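The next block holds one structure in the form of structure tokens; read it before the comments.
The values are calculated or read from the model by the stated rules, or taken from the named source; none is laboratory data. Predicted model only: the values in this text are computed from it and were never measured. No Cβ is skipped: glycine too gets one built from the backbone with ideal geometry, and neighbour counts run over all protein chains shown. Heads up: the accessible areas ignore ligands, DNA and RNA and are worked out on the full protein's heavy atoms, side chains in. Shrake-Rupley method; radii C 1.70, N 1.55, O 1.52, S 1.80 Å.
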Amino acid sequence: MKRTIAVVSAGLGLPSSSRLLADRLAAATERELRQLGDEAEVRVVEVRDHAHDLVNNLVRGYPSPELQDALHAVTGADGLITVTPTFAASYSGMFKTFFDVLGMMDGEALAGKPVLISATGGTARHSLVLEHALRPLFTYLRGVVVPTSVFAAPEDWGGAAAPDLLARRIDRAAAQLAAEIHRRDAPVGRDPFEPTPFEDLLNAG
């Protein structure tokens, strides 16, 4: 079966460690899905590219075509990988704004969707951001967050043993995400911007 993985990366730099981690998680998930007999297509959303459109959406109430396409990439995906840099022991403001706008567009956007959470930061002491900020956020959005989360500090990219330890965490998280995607039916596509039929409005009232 053809599966789609949406990757939301909120890194600020070019290149960014967040995007580097996102790419490794996506590649590992693709590999795990292939082993389960599924093909995979990855769609990457760089939140930085939509920063102005996100603010405009909050003010105007509707997205630009580019932002709408990015939001649809997430809502239509079989699974979601999220990566945020750590700011003030939490996710970045841009990262949160993206999912705020997604929730405003479609309150059911992540309901039942497998989600892998990950983050980068300047020190391993910030790794608790995954459990005290990211996991509650996506649980609130009704995503199915896989047990293993991945945090990458600068020391995880270098040193004698660190890359192997990071690789093992990535592989474990990717295997869990792939298993959740594989056992679910493909999401049913729907357009949250399509007007509600008048009969449905009457029945709801």
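Report the residue count in region 75-84 for those that are surrounded by 23 or more Cβ atoms within 10 Å (Cβ to Cβ) and in a helix (DSSP H, G or I).
The qualifying residues number 0.
How about region 1-34: which of its residues are part of a loop (DSSP other than H, G, I, E, B) and either touching a Phe, Trp or Tyr at 6+ places or on another chain (Cβ under 9 Å) or open to solvent by less than 10 Å² (accessible area, probe 1.4 Å) (or both)?
ALA10, GLY11
Can you name the residue in region 106-132 that is over 22 Å from GLU180 (Cα atoms) and part of a helix (DSSP H, G or I) and, of all such residues, is most open to solvent (accessible area, probe 1.4 Å)?
Of everything passing the filter in region 106-132, ARG125 is most open to solvent (accessible area, probe 1.4 Å).
MET94 fails exactly one of the following numbered conditions: (1) under 28 Å from ARG168 (Cβ atoms); (2) in a helix (DSSP H, G or I). What is the number of that condition?
(1)
Being in contact with a helix residue (DSSP H, G or I) (Cβ under 8 Å, 6 or more places away or on another chain), surrounded by 16 or more Cβ atoms within 10 Å (Cβ to Cβ) and free of Cβ contacts under 8 Å to residues at least 24 places away in the same chain narrows it down to one residue among PHE95, PHE87; which is it? Steps first, answer last, please.
Numbers: PHE95 fails: free of Cβ contacts under 8 Å to residues at least 24 places away in the same chain.
Result: PHE87 is the single residue among PHE95, PHE87 that is in contact with a helix residue (DSSP H, G or I) (Cβ under 8 Å, 6 or more places away or on another chain), surrounded by 16 or more Cβ atoms within 10 Å (Cβ to Cβ) and free of Cβ contacts under 8 Å to residues at least 24 places away in the same chain.
Taking the condition of a type outside the set (A, V, I, L, M, F, W, C), assigned to a helix (DSSP H, G or I) and open to solvent by 60 Å² or more (accessible area, probe 1.4 Å), does ARG43 pass? Can you show your working first?
On the way: of a type outside the set (A, V, I, L, M, F, W, C): yes; assigned to a helix (DSSP H, G or I): no; open to solvent by 60 Å² or more (accessible area, probe 1.4 Å): yes.
Judged against the criteria, ARG43 is not a match.
Give the residues of region 46-55 that are open to solvent by less than 70 Å² (accessible area, probe 1.4 Å) and not in a strand (DSSP E or B), sorted by residue number.
Matches in region 46-55: VAL47, ARG48, HIS50, ALA51, ASP53, LEU54.
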